[in-house]
Structure formats: structure tokens, C-alpha cells
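Structure first, commentary second.
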Amino acid sequence: MTAATEVAARLTGFVAALRSHGVRIGTGETVDAARAVAELGFADRELLREGLAATLLHTTDQRKVFDAVFDLYFPRGVGTPDAGPADRDALRDRLARALAADDGAMLGRLAIEAVDGFGGYGSSPGSDGWSSYQTLDRLRPQTLLARVRDSVRAQGRGAGFDDRLLEDEIRRRIEAFRGLVAAEARRRVAERRGRDEIARRAVAPTADRVDFLYAGKAQLAELRRTVQPLARKLATRLAARRRRAARGTIDLRRTLRGSLSTGGVPVRPVLRRRRPARPELVLLCDVSGSVSGFSDFTMLLVQALHDQFSKVRVFAFVNRIDEVTGLLVHGRADPEGLGARISAEATLTGWHGSSDYGVALGEFAERYGDAVGPRTTVFVLGDARTNMSDPNLAAVRQITERARRVHWLNPEPRAQWGTGDSAAPAYAELVEMHECRTARQLSALVGGLLPV
Amino acid sequence: MFTSVDDVSARLAGTGYLASPAVATTVFLADRLGKPLLVEGPAGVGKTELAKAVAEVAGARLVRLQCYEGVDEARALYEWNHAKQLLRISAGRDESWDETRTDIFSEEFLLTRPLLTAIRGDDPKVLLIDETDKADVEVEGLLLEVLSDFQVTVPELGTITATRRPFVVLTSNASRELSEALRRRCLFLHIGFPDEELERRIVRLKVPAIDEALAASVVRVIGALRAMDLRKVPSVAETIDWARTLLALGADTLDENVVRDSLGVILKHQEDVLKAAAKLDLDAV
């Protein structure tokens with residue numbers, strides 16, 4: 001294979017891997033990327049990275065996936081570094097020094113050595129590999145914190161006010177080092193198992209494609225950061241829709257009356273003005289443990305959309321229901337503590353802690369029935385798993401009769417509806433139920449379903 | 001325009017714009033591939049400044065289209081000078097109709113707006129389309145024609161094609177999702193917050209009177225604030241403001257009192273101020 005075809009193959013493989021992660025790249029962009037490679041050359045890996053990112057990506061949130069895939073296809077080094085047998089304490093010493101000096105290049109080299117020295121497992125071909133977990137478990141970089149802090153202080157740097165920032169800074173550096181180790185281990189595995197497969201499986205999805213039900217803590221934090229831009233996006237879309245909808249049909253009576261002054265010639269058509277709709281929103285959120293990530297996120301989104309509606313009321317339930325609108329007041333909302341605050345300040349559970357849709361919905365219809373009127377759109381958020389208790393379809397019917405629309409957003413995949421204790425099919429007969437597993441799906445749904 | 005990525009960095013630095021490797025690489029490619037550059041990122045990291053710096057380096061004229069809700073073809077592309085056309089018509093009452101008609105739709109009565117201005121003429125130009133996300137969707141359609149073929153169609157005059165392509169920079173704060181079609185036509189650059197070292201250099205460049213140690217402290221505190229989960233994290237513009245404020249206050253080093261008193265310069269929400277004060281162990285604000 002000549003050098004040129006090899007570059008082309010590498011590039012198209014890279015593009016295919018990005019596509020498999022939902023990054024939409026057309027042929028035109030691939031050609032641009034090839035031209036960029038020709039302009040920049042392979043000498044400087046970081047320039048190459050930036051050049052490919054500029055030509056292939058279209059939005060900021062694709063960057064994380066891009067970086068991970070890039071590390072696989074354009075690795076820092078190939079094979080194993082030729083170093084002697086690894087000495088754990090010596091490596092920790094050097095790591096501490098590099099962390100203290102915040103030496104990025106050194107940290108990168110140490111990550112490679114660390115995976116090489118401590119990450120390998122298995123000896124027979126086929127069952128061996130490289131593990132970042134094992135590397136970090138043996139190296140324990142997080143225990144270096146005190147040592148690095150003391151050595152920085154001993155050098156007399158960071159005295160005075162900055163000193164209080166030091167620990168957090170070192171923590172962030174250690175976190176970055178862990179990321180480097182993970183990338184290196186992935187690269188090694190990829191070399192062994194074939195790049196394409198690893199790129200497809202081992203790279204984390206972008207935040208808006210993370211499944212709500214399986215999102216980890218860090219991913220949830222990232223999801224929350226997407227709320228603000230998402231809300232703004234939806235708000236502009238709603239505003240545009242509202243502007244368009246404000247133009248009504250021709251008001252014949254007033255047009256004719258206006259035409260009297262021009263001798264019966266209707267010079268100025270008068271448009272009937274629509275009465276501005278004042279949509280109201282009611283949210284019923286299951287906040288039990290199993291779906292809390294989802295409802296947290298949705299509540300934040302709705303709260304961010306607050307100014308678009310005349311009235312938003314939010315109710316949370318597990319097996320009893322309580323209004324939590326007050327806890328979501330703008331400005332007070334501290335996303336991290338939201339779930340905890342709701343469970344601390346609202347009465348959500350009766351004698352047991354598992355969710356019971358029937359009781360909660362019944363209680364809503366009974367106690368807060370007046371919250372729902374002909375202008376109200378109701379969103380129910382939850383997985384419809386009732387723990388084998390009565391789903392209380394009568395209560396749902398009662399709500400649908402009073403409300404303008406009722407939508408149910410279910411974070412479970414459609415295929416699982418109705419399995420086990422899920423009452424989803426029964427509810428779905430009464431209200432529109434939508435599968436809503438990721439932020440991307442949620443924003444599409446919310447944008448489409450919200451009343452103008 | 002540029003010979004290498006390093007050349008871009010060096011020459012931008014000459015105008016007082018310190019570019020990160022990502023910025024320099026993308027500018028270099030935009031020039032080489034002849035494609036527009038879409039720049040996104042938080043407010044105050046120097047998106048607009050980049051266009052100005054490129055214009056200065058290239059010795060080009062900066063043509064700026066500031067987008068806002070309701071900006072339309074007449075504001076972006078061209079308008080006919082109706083007043084002048086009316087004058088022309090009333091001045092030539094004796095002419096035949098044909099003469100008059102052909103006359104009033106000539107270049108003389110054309111008012112070029114930024115997009116058309118950037119395409120016409122042979123002098124080098126940098127076209128800055130600022131805050132593209134603020135414009136309505138229809139304007140995006142207009143941009144598509146201009147940015148892919150660098151041509152504009154004026155019905156009365158025909159199609160005007162650029163003889164010399166301008167260097168185009170579009171900026172966006174991502175308040176609205178730009179269309180896929182528009183994004184495809186551009187190179188994409190996200191300018192985030194600079195790393196510590198670069199930001200220190202920026203502060204030293206913009207506030208020359210500040211001493212090295214204080215600049216380093218300022219950048220470190222800003223870095224810590226950005227790592228917190230704030231409603232509005234401070235950007236480079238705020239770092240510079242803060243450095244200037246500290247100089248004006250006559251502070252040589254950071255201490256609790258100085259930081260507490262000047263936190264309002266960097267943080268724009270009261271809840272952020274409270275949160276930062278708590279995390280930085282400042283006494284009650």
C-alpha cells in the first residue's frame with residue numbers, strides 16, 4: 001500500500017468511526033479533511049487534531065467523542081515503549097514531581113509507562129489485554145495529593161491567597177492523568193483487537209445520547225450543563241412558532257367596514273388577531289430512585305423554560321404526591337441538591353418507599369384536580385412501573401378529561417413497556433406515551449409537544 | 001496569506017491577539033481551503049477580536065454584518081436608493097420611459113450592504129458576520145448562497161460573483177441552533193477558555209502594568225471559579241477587567257479582602273458570588 005492510500009484509508013476509517021457515534025459527516029467534509037491533512041502534515045499531532053476537528057465537526061458537543069476516537073486512530077506512539085521493568089515507587093515519585101510542576105508532556109509519557117508497567121493482564125493470547133482500572137488501582141495517583149501539595153508548598157510557590165486553590169488544582173491534574181491512562185489503555189487494546197471495533201464500543205457517547213436510566217454521576221452533571229443551551233434553543237423555537245401563529249385569517253367584516261372610506265374598495269385587508277394563548281403546564285414527576293436522573297433533568301429543563309408559560313406547576317411523587325413548584329423557583333435551583341431537597345421538603349412517601357402510580361395519581365386527581373383546566377398541558381414523567389399495585393386508570397381518565405393534552409414521557413425503551421410490573425400499555429391506551437431515553441429525544445419531544 | 005501555522009500565531013500575536021494552537025490551525029486552514037470559519041464559544045473569549053486581528057494582519061478591510069432578530073435582505077445585501085431614484089425620475093421629465101427605466105436600476109442607485117460589499121471589488125476584505133445565531137432562519141438561506149459560491153443575485157443587475165474571495169468569519173453564541181447546511185459550508189472552531197499559561201500571557205499583554213506574580217494569581221483564581229458550577233463563569237474579558245480593577249485598587253497581592261470586594265467584577269449573579277465566596281473560604285460577603 002502506498003503512503004497516500006494508507007492515509008486515505010486511515011482517514012476514511014476514522015470518519016466511519018465518528019459516524020458510528022452519531023457525528024454526521026458528509027463526503028465533502030472528508031475531502032476537506034484530506035486537504036487539511038495535506039496542508040498540515042503528520043509532524044505535529046496536535047495541529048493535525050485541530051485541523052481534523054475544524055473540518056469534520058460542526059458542533060461543540062461532538063468534540064469529546066472526536067478526541068477519544070482521534071487518540072485511537074492517530075495514536076501518540078505505536079507498540080510499547082522500551083523501558084526497563086517498572087518500579088512502582090519510582091514511577092509514583094516521578095508522577096508526584098510531574099503533578100507538582102503541572103508538566104503536561106511528562107504526564108502523558110508517565111501514563112504510557114504506567115499502563116505498560118501495571119496495566120497488562122493475562123498471558124495467553126486472546127484473553128490478555130490492558131486495563132486502565134488495574135493501572136490506576138496499583139498506582140493510586142489520588143493518594144499523592146498530600147505529597148504533591150507539600151512539595152509545591154515547600155518550593156514556596158502558591159503561598160498566600162492562592163494556597164487555598166492548590167488542593168483543587170492538584171485534584172484536577174490527577175483527574176486529567178487518569179484520563180490519559182484510560183486513553184492509553186484503550187489505544188493498547190485497540191492495537192490488539194482491531195481499532196474499528198474498539199472505537200465503536202469503548203468511546204463514551206455524547207452527553208445528549210446518554211441513556212437517562214444508566215447515566216453515571218459525571219454524565220448527569222454533563223447533562224445538566226446541556227440544559228441551559230437546550231432551553232434557550234427551545235425557547236427561540238417556541239417564540240418563532242408563536243410569531244407565525246399570531247398572523248390570523250382575514251376579518252371580512254372589519255375589512256368591509258374599512259373599505260367604506262375608499263368607496264367600497266377594500267384597500268387594506270384587516271387580519272383577525274388571534275387571542276394570545278396562555279398555555280399552562282403541569283408536570284407530574286416520578287422521582288423514585290430508579291428514574292430520578294430523568295425527572296431531575298426534565299424538571300430543570302421545564303424550569304429553564306419558565307418564562308414561556310403563564311403558569312407552570314410541578315408535582316413530584318413516589319407513592320404520595322406533593323407540589324414542588326416552590327422548590328424550583330429560578331435562582332434557587334441548585335441542580336446538584338435538587339433531588340435531595342425535593343425528598344427532604346416534600347411528602348412523597350407513605351408507609352413504604354417504592355413508587356405507586358395508582359395511589360399517587362389518584363391523590364393528584366383528588367387534591368390538585370383544580371390545577372388542571374382546559375388550557376393545561378400535562379406531562380407525566382416516569383417509567384410506569386407500579387410495583388404490581390393497581391394502576392388506577394380511572395384517575396388518569398379523569399385528568400385527561402379535564403386537561404387540554406396529556407403526554408407521558410417514558411425513559412424506558414419501548415420494547416420493555418409492559419414487561420414485569422410495567423403498566424405502560426394500559427396507560428398508553430389513555431394518554432399519548434412517548435419513549436424518551438436521551439436528552440436528544442427529550443428536546444425533540446418537548447419541542448414538538450409543547451403548546452404554542 | 002499565511003505560510004504556516006506558526007506564521008499565523010506569530011503574526012496574530014503581532015496585533016495583540018494571542019491565539020491558541022487550535023485557533024491558529026483553523027485560521028490557517030480557512031485561508032488555505034478558502035472556506036468560511038464558524039466560531040462558537042462563550043461570550044468574551046475573543047471571537048470578534050479574532051476577525052479584527054485577521055483583518056489587521058492581512059491588511060484587509062473589515063466588513064461587518066451585525067445580526068439581530070429581524071435583520072433582512074435589505075440590511076444584509078443591498079437596497080435601492082429610492083430617494084435618489086425619485087430625484088432622477090423627476091429631474092428627467094422629458095426623457096422617454098425606456099431611458100428612465102434603464103437608468104434608475106444601475107449601480108449608481110445601488111446601496112451595497114455588508115454581504116455585497118464584501119464580494120465586490122478587488123481589495124482584500126475580511127467579512128465578519130457577527131452573532132449569526134441572532135438572525136432569523138431566512139437570513140441563513142441568504143448566507144448559504146453567499147458563502148458557498150461567493151455570489152449574490154441582484155434581479156436588475158444579474159449575478160455578481162466575487163473576483164477576490166473575502167476571508168469570512170461567522171460568530172455564534174449558540175443561542176439558536178444554526179442549520180446543518182450552513183455548518184457544512186464552514187470550518188468549525190470552538191474557542192473555549194484558554195489554558196493557564198496562555199491566559200497569563202493575555203493578561204500581561206492587555207494589562208502591561210501588572211506584575212507577574214499577581215497575574216499568575218489572578219489567572220489561578222479565575223481557573224478555580226471556572227471549575228465551579230456557576231450560572232455564568234468568568235471569561236477572558238472578565239479576567240482582564242479584574243486585573244485592571246486590582247491595579248486601580250492598588251493591590252499588589254490577592255488577599256481575602258481584595259477578592260471579596262472585587263468579586264462583583266468577575267461574577268454577574270448574586271448566587272454565583274455567594275457560592276464562590278463559600279468555596280473560596282471568604283468570610284460572609
Self-check item: Compactness of segment B:35-145 as Cα Rg over 2.2 N^0.38 Å, two decimals
Solution: 1.37
Quiz item: Tell me, which longest segment in chain A has none of the trypsin sites (Lys or Arg not before Pro) that fall in DSSP loops with at most 16 further Cβ atoms within 10 Å?
Solution: A:158-273
Quiz item: Any idea what angle helix B:196-206 forms with the longest principal axis of chain B, computed on alpha-carbon atoms, 0 to 90 degrees, nearest 10?
Solution: 70 degrees
Quiz item: How large, in percent, is the carbon and sulfur part of the accessible surface of the protein assembly as shown at a probe radius of 1.4 Å?
Solution: 52 percent
Quiz item: What is the mean number of Cβ atoms from other protein chains located within 10 Å of the Cβ atom of each residue in peptide B:244-257, rounded to a whole number?
Solution: 1
Quiz item: Looking at the square roots a ≥ b ≥ c of the eigenvalues of the Cα gyration tensor of segment B:116-205, which shape do they give, rounded for a/c under 1.5, prolate if a/b is larger than b/c, or oblate?
Solution: oblate
Quiz prompt | Accessible area of A:W130 in the full protein assembly, 1.4 Å probe (Å², nearest 10) | solution = 50 Å²
Quiz item: Pick from B:V203, B:V168, B:V273: which residue has the top mean-square fluctuation in a GNM of chain B where Cα pairs under 10 Å get a spring?
Solution: B:V273
Self-check item: Å² per residue, accessible surface of chain B at 1.4 Å
Solution: 44 Å²
Quiz item: Could you give the angle, 0 to 90 degrees to the nearest 10, between helix A:227-246's Cα long axis and the longest principal axis of the Cα atoms of chain A?
Solution: 30 degrees
Self-check item: Cα centroid separation - segment B:105-150 against segment B:12-91, whole Å
Solution: 9 Å
Exercise. Just the number, please: buried accessible area between A and B, total of both chains, 1.4 angstrom probe, nearest 100 square angstrom.
Key: 3300 Å²
Practice problem: Have a look at B:D211, B:D133, B:D98 and tell me which one the Gaussian network model of chain B (Cα, springs below 10 Å) gives the largest fluctuation. | Solution: B:D98
Self-check item: Rg over Rh, two decimals, chain B (C-alpha only, Kirkwood Rh)
Solution: 1.10
Quiz prompt | Rg in Å to one decimal, and Dmax rounded to a whole Å, for segment B:35-85 via C-alpha atoms | solution = 15.0, 45
Practice problem: Find which of B:G223, B:V203, B:V168 sits farthest along the positive direction of the dipole of segment B:90-227, computed with +1 on the beta-carbon of Lys and Arg, -1 on that of Asp and Glu, about the Cα centre. | Solution: B:G223
Exercise. Note the angle between two axes, namely the Cα long axis of helix A:166-193 and the longest principal axis of the Cα atoms of chain A, as a number of degrees from 0 to 90, rounded to the nearest 10.
Key: 80 degrees
Quiz item: Can you tell which of B:S96, B:L86, B:A22 lies farthest toward the positive end of the dipole of segment B:1-124, using +1 and -1 charges on the Cβ of basic and acidic side chains (Lys, Arg; Asp, Glu)?
Solution: B:A22
Quiz item: Among the chymotrypsin sites (Phe, Trp or Tyr not before Pro) within segment B:1-106, which fall in a DSSP loop and have no more than 14 other Cβ atoms within 10 Å of their own Cβ?
Solution: B:Y68
Quiz item: Could you give the dipole magnitude of segment B:233-277 about its Cα centre, charging the beta-carbon of Lys and Arg +1 and that of Asp and Glu -1, in debye to the nearest 20?
Solution: 120 debye
Quiz item: When Lys and Arg each count +1 and Asp and Glu each count -1, what net charge do the other residues less than 14 Å away from A:T349, Cβ to Cβ, add up to?
Solution: -4
Quiz item: What size of dipole, in debye to the nearest 20, comes out for segment B:18-165 about its Cα centre when the only charges are +1 on Lys and Arg C-beta atoms and -1 on Asp and Glu C-beta atoms?
Solution: 620 debye
Quiz item: To one decimal place, what orientation-averaged projected area in nm² is obtained for the convex hull of the Cα set of the protein assembly as shown?
Solution: 44.1 nm²
Exercise. Sticking to Cα atoms, compute the Rg of segment B:200-248 to one decimal and its Dmax as the biggest Cα-Cα distance, whole number, in Å.
Key: 10.5, 32
Self-check item: For residues of A:32-39, the mean tally of beta carbons on other chains within 10 Å
Solution: 3
Quiz item: Given C-alpha coordinates of segment B:191-276, what is the ratio Rg to Rh with the Kirkwood estimate of Rh?
Solution: 0.93
Quiz item: Can you give the charge dipole size of the protein assembly as shown about its Cα centre, rounded to the nearest 20 debye, using +1 on the beta carbon of Lys and Arg and -1 on the beta carbon of Asp and Glu?
Solution: 1700 debye
Practice problem: Express the relative contact order of chain A as a whole percentage, based on alpha carbon pairs under 8 Å and six or more residues apart in sequence. | Solution: 11 percent
Exercise. Sticking with the crude label model, points 7 Å out along Cα→Cβ, report the distance from A:T5 to B:T161 in nm, one decimal please.
Key: 3.7 nm
Practice problem: Could you point to the residue in A:Q441, A:A395, A:Y427 farthest towards the positive end of segment A:379-452's charge dipole, with +1 and -1 charges on the Cβ of Lys/Arg and Asp/Glu respectively? | Solution: A:Q441
Quiz item: Assuming a viscosity of 1.567 mPa s and a temperature of 4 °C, what translational diffusion coefficient in µm² per second does Stokes-Einstein assign to segment A:131-182, Rh being the Kirkwood radius over Cα pairs?
Solution: 109 µm²/s
Quiz prompt | Mean separation of Cα contacts under 8 Å, 6 or more apart, over the residue count of segment B:87-165: relative contact order % | solution = 32 percent
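The values are calculated or read from the model by the stated rules, or taken from the named source; none is laboratory data. Note that the coordinates shown come from a computational prediction; the quantities given were computed from them, not determined experimentally. Counting neighbours? That spans all protein chains shown, and the Cβs are built from the backbone with ideal geometry, glycine included. Ligands, DNA and RNA are stripped out before the accessible areas are found, and what is left, the full protein with its side chains, is counted by its heavy atoms. Shrake-Rupley method; radii C 1.70, N 1.55, O 1.52, S 1.80 Å.
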